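The values are calculated or read from the model by the stated rules, or taken from the named source; none is laboratory data. Source: prediction; values computed, not measured. Cβ placement follows ideal geometry from the backbone for every residue including glycine, while neighbour counts extend to all protein chains displayed.
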Amino acid sequence: MGTQFSHMRKTLLALALTMGAVASTAGPAEAAGVPAVRGAADVSGYARDGFRPQFIPDAGLPYNDSALAPRVDPNPHDEHGVRLFQYNGQTYDHPVAQAQWGLSNLRTYLANRDRLFLDRAVAQAQRNIDRRVESRAAWWYPYEFDFPRCAQMPVIHAPWFSAMAQGQLLSLFTRLAAVTGEQKWRQAADRTFASLLLPPQTGLPWASWVDDAGHLWFEEYPLTPGVTGERVLNGHIFALYGVYDYWRHTSDQRAAALFDGAATTLRRHVPTTFRAPQWASRYSIGCPSSYAGYHPVHIGQLLKTYEMTRAPVFAAMADLFREDYPAPAVSGTVIFSGGAHVGYRFSSAGAVLEQKSLTLSRQSQANADQRVRILGRGIYYRITNGALAGFLIPETPGERYLLGAVVRHTYTPQRTLSFGPGTYTAHMYGPGWQVTESKTFTFPRSSAAPFGATAWVNGTMSYQITAGVYAGYWLPAADGLTPAT
């Protein structure tokens, strides 16, 4: 365990060092051939670290890794198939819900060419065009219900607008333009993108702002008078996806500039503001509580940002979040070495409520249904059978470990692992995750190799090497091994 925590500290230090890079500030440049917003200056003066959007194939685009849409919508919807939202006994249009349902249906249409799904995607998009509010030559999509948030943040009153809705509808409009070739969807994409260019103006809709530190935010819950925002992590990144989609379809350099600014904000804030070391990440700056349900969303978004930028700093952030609070719903077989073991029951605050000892004369095994972080402690397995059923036991490589490769991260493109001079041993595993072959190699000088995935393999964080002397092997984390950040 000491080696793995040392590895995490080194990664965090590398992230801190990369954040110190010299940044530029700029506003987005106007693209030829794309309508500009008239009578309003673009949002400007935000920090830019030089993150350039990179091309991703259709299959790898945000939202395209979700399940296909069912033919029958199990959620509330109207006679046109438009997704609806029930809240406080009333039914409303919900721009984000409709955008997400539209994207899901469009993806399903591209997979099976069933016109029903394209028509349903179009219905979601058309509903929002029909409901739009036009302001400063941009299109906005209102929420018509008041929405309370955490105790320290005020209720946001209808009608209100959200960068998350603007960004997800921008993705839907842009993809419909690409699939159908219809100008109406390109116009909707242009007008929606224009909304993310605009700075705040009291009394008018806005979604983008620059904080006092010069960081650009796509604001999920904008409030005026006075520019205030909750700065929600997932909403900021979902809006970033929309900007990426628009750039990919249009090559608009204003979109590239916004993308750079929004990614720079992530680079500066995720490791310090949103990370909760050894716990689930924080939801927002305004509501800084940790939410286990949003934590895997953040991890997936950071991995997708790595794909969109090819900047390994974002993959490293995702890895840190995974180490802090891995997905608990992991089941399998736990191997116990011969010797003494102790199972625990904890309070929600991490205090020991009960413990039970077990001594084994030889190696044994039991089933587990969770691999979970205990507050203020390490990683534990919840045992479901045998003498320690119902108890949590600490993960300890070589003594108590879950068979297999769990909480795997796969990287597109592959990343680079640096080797310091020294000797390292990697392993190949059979179907039952028993070691079938080991390979030891001594590097007389520094070297490097690509890796395509990481996971906890039999309780030890490991790299899946894809080329070189260890190609096809899992290499356990060790001093001297450093992934590029």
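Here are the numbers:
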item	result
Test: residue in segment 323-335 that is touching a His at 6+ places or on another chain (Cβ under 7 Å), more than 30 Å from A255 (Cα to Cα), at pLDDT 95 or above and not assigned by TED's automatic domain parsing to the domain that holds P62	yes
Residue check for Y411: among the aromatic types (F, W, Y) and under 22 Å from the mean Cα position of the chain (by Cα)	yes
Helices (runs of 4 or more DSSP H) (entirely within segment 84-195) containing at least 2 residues that are at pLDDT 95 or above and in contact with a Gly (Cβ under 8 Å, 6 or more places away or on another chain)	115-131, 163-180
Looking only at segment 271-325, and only at residues there that are in a loop (DSSP other than H, G, I, E, B), hydroxyl-bearing (S, T, Y) and over 16 Å from I379 (Cβ atoms), the one that is farthest from the chain's Cα centre (by Cα)	S289
In segment 74-108, residue nearest to V179 (Cα to Cα) [restricted to those that are among the hydrophobic types (A, V, I, L, M, F, W, C) and out of contact with any Leu (no Cβ under 9 Å at 6 or more places or on another chain)]	W101
Subset of segment 419-436 [in a strand (DSSP E or B) and not polar (S, T, N, Q)]	F419, G422, Y424, A426, H427, M428, Y429, V435
Residue match in segment 57-80 (condition: modelled with pLDDT under 95, surrounded by 11 or more Cβ atoms within 10 Å (Cβ to Cβ) and either not assigned by TED's automatic domain parsing to the domain that holds E144 or not aliphatic (A, V, I, L, M) (or both))	yes
Given (1) more than 20 Å from A111 (Cβ to Cβ); (2) of a type outside the set (S, T, Y); (3) within 28 Å of the chain's Cα centre (by Cα), number of the condition L172 does not satisfy	(1)
Residue count, segment 357-368 (criterion: in contact with a Phe, Trp or Tyr (Cβ under 9 Å, 6 or more places away or on another chain) and either within 20 Å of V330 (Cα to Cα) or surrounded by 15 or more Cβ atoms within 10 Å (Cβ to Cβ) (or both))	5
Residue that is surrounded by the fewest Cβ atoms within 10 Å (Cβ to Cβ) [pool: residues in segment 426-472 that are under 15 Å from R408 (Cα atoms) and among the aromatic types (F, W, Y)]	W433
Strands (runs of 3 or more DSSP E) within segment 333-412 that include 3 or more residues under 30 Å from M308 (Cα atoms) and hydroxyl-bearing (S, T, Y)	none
Sole exception among (1) modelled with pLDDT under 95; (2) touching a Gly at 6+ places or on another chain (Cβ under 9 Å) for G39, by number	(2)
Residue match in segment 51-58 (condition: closer than 16 Å to Y109 by Cβ and either free of Cβ contacts under 8 Å to residues at least 40 places away in the same chain or assigned to a loop (DSSP other than H, G, I, E, B) (or both))	no
Number of positions in segment 234-251 that are closer than 21 Å to S284 by Cα and β-branched (V, I, T)	2
Any pair with Cβ under 9 angstrom, 6 or more apart, that starts in segment 239-250 at a residue that is closer than 16 Å to A207 by Cβ and ends at one that is part of a helix (DSSP H, G or I) and of a type in the set (D, E)	Y246/D190
Out of L204, L216, sole residue that is buried (at least 22 other Cβ atoms within 10 Å of the Cβ), in the same structural domain as L303 (by TED's automatic domain parsing) and of a type outside the set (D, E)	L216
Selection count where residues are without any contact (Cβ under 8 Å) to a residue 40 or more places away in the chain and more than 22 Å from W140 (Cα to Cα), scope segment 79-95	2
